[in-house]
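The structure appears right after this line, and notes come after that.
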Amino acid sequence: MKIVALAGGVGGAKLVDGLAKLLPPEDLSIIVNTGDDFDHLGLRICPDLDTVCYTLAGLSNPETGWGRSGDTWNCLAAIRELAGPDWFHLGDGDVGTHLVRTFRLGHGEPLSAIVSSFCVSWGIQVKVLPMTDERVSTQILTQDGNQLDFQEYFVRLLCQPAVKAIIFDGADSAEPAPGVLEAIDLADFIIFCPSNPWVSINPILSIPGIRERVIKKKVVAISPIIGGKTIKGPAAKMYQEFGITPSALAVARHYEGIIEGFIFDITDHDLKVDIERLVKKACATNTIMLDSDSRKKLAQEVLKFCLEL
Ligand code: GDP
């Protein structure tokens, strides 16, 4: 059974980690959001790709969900000493990743080739694909009239500004990275991980060609909103700021017309009747992934659900 998973960072990485433990590597391709990518201190940083790769490689920091486990912070301390921009937390090992990536991009290598070579170095066997090799930048338009780069909004301002609109700058003219459309065409099922629908899944679908190919397939989404809240990040707050009550139902509506199946948390069981009006099949189960076992268990349920669709 060939699966393509669309993923952002933390929520996406946990589910794909579970899927990677169950599927033969050639049966899993992960298309990762690159709208969060940005330049910082001359380094090209790809937060979602790194979170997915560190997680698959067993290198991730289980406490934060991002960065590398056991990383040291000497570089950040030196940046601070020199009054440099220290709002983006860069561990020493993580800096190594950004240095090599920036160096190779500077020599003209496409991002997808660099990711693929990092995966070999880290022993990752499944296919990890950036959504595009071109620069697409998620921009947050705030209700008080500012335009912010996503990481400024997310990390520096801790998601505090109220969001008015979200733009994926550069998406209109971007092409899917090599292998993306081919993986979708070959997939039996497409899975939208429990990632932020607004800023992790939407940017992937905004790349011309991806949405059109995805909607031809059987698509299953997993809700990142549980009991009206997120486990982490601004997805629920964004729904609220767009005038939508955040809930698993709101996520199902968000993907209406694209998905056939929807998995949401057992906490929201009372929404099942309403969700079933929007999709062919819905399932309420425990979707909280606290450790490796619960990631695998949810992945198992997702695969079983796909087969029953
Ligand atoms: P980001 O780019 O690092 O913000 O990562 P994602 O977009 O992939 O993930 C953020 C979303 O993951 C948030 O909306 C969280 O609620 C959701 N999330 C995180 N952990 C879990 C989990 O264990 N289960 C579910 N269902 N959602 C989760």
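Would you please name the residue that is modelled with the lowest pLDDT, looking only at residues in the range 43-67 that are near the ligand (Cβ under 10 Å from one of its atoms) and within 15 Å of Arg295 (Cβ to Cβ)?
Among residues in the range 43-67 that are near the ligand (Cβ under 10 Å from one of its atoms) and within 15 Å of Arg295 (Cβ to Cβ), the one modelled with the lowest pLDDT is Gly65.
Take the conditions assigned to a helix (DSSP H, G or I) and touching a strand residue (DSSP E or B) at 6+ places or on another chain (Cβ under 7 Å) and apply them to Ile201. Does it pass?
The answer is yes for Ile201.
Looking at Lys21, Lys14, which one is basic (Lys, Arg), in contact with a helix residue (DSSP H, G or I) (Cβ under 8 Å, 6 or more places away or on another chain), buried (at least 23 other Cβ atoms within 10 Å of the Cβ) and in a helix (DSSP H, G or I)?
Unique residue meeting the criteria: Lys14.
Identify the residue in the range 217-254 that is of a type in the set (D, E, K, R) and part of a loop (DSSP other than H, G, I, E, B) and, among all such residues, is nearest to Asp274 (Cα to Cα).
Lys217
What is the one condition in (1) within 15 Å of Leu6 (Cβ to Cβ); (2) of a type in the set (A, V, I, L, M); (3) near the ligand (Cβ under 10 Å from one of its atoms) that Ile210 does not satisfy?
Answer for Ile210: the failing condition is (3).
Are any of the residues in the range 231-243 within 19 Å of Asn196 (Cβ to Cβ), β-branched (Val, Ile, Thr) and buried (at least 20 other Cβ atoms within 10 Å of the Cβ)?
No, the range 231-243 contains no residue that is within 19 Å of Asn196 (Cβ to Cβ), β-branched (Val, Ile, Thr) and buried (at least 20 other Cβ atoms within 10 Å of the Cβ).
Give the residue that is farthest from the ligand (Cβ to nearest atom), with candidates limited to residues of the range 292-309 that are farther than 29 Å from Ser60 by Cα and in contact (Cβ under 8 Å) with a residue 40 or more places away in the chain.
That would be Leu307.
For the range 160-174, enumerate the residues that are surrounded by fewer than 15 Cβ atoms within 10 Å (Cβ to Cβ) and not in a strand (DSSP E or B).
Gln160, Ala162, Asp172, Ser173
Of everything in the range 24-59, what is aromatic (Phe, Trp, Tyr) and in a helix (DSSP H, G or I)? Give them in sequence order.
Tyr54
In the range 256-291, how many are acidic (Asp, Glu), in a loop (DSSP other than H, G, I, E, B) and either more than 11 Å from the ligand (Cβ to nearest atom) or touching a helix residue (DSSP H, G or I) at 6+ places or on another chain (Cβ under 6 Å) (or both)?
Selection size over the range 256-291: 2.
Hey, any hits in the range 18-27 for a residue that's within 12 Å of the ligand (Cβ to nearest atom), farther than 18 Å from Thr102 by Cβ and either modelled with pLDDT of 95 or more or not basic (Lys, Arg) (or both)?
yes
Out of the residues in the range 181-200 that are within 15 Å of Phe262 (Cα to Cα) and among the hydrophobic types (A, V, I, L, M, F, W, C), which is nearest to the ligand (Cβ to nearest atom)?
Cys193
The values are calculated or read from the model by the stated rules, or taken from the named source; none is laboratory data. Note that the structure is predicted; figures quoted are calculated from it, not measured. Every residue, glycine as well, gets a Cβ built from its backbone with ideal geometry; the counts of neighbours run over all protein chains shown.
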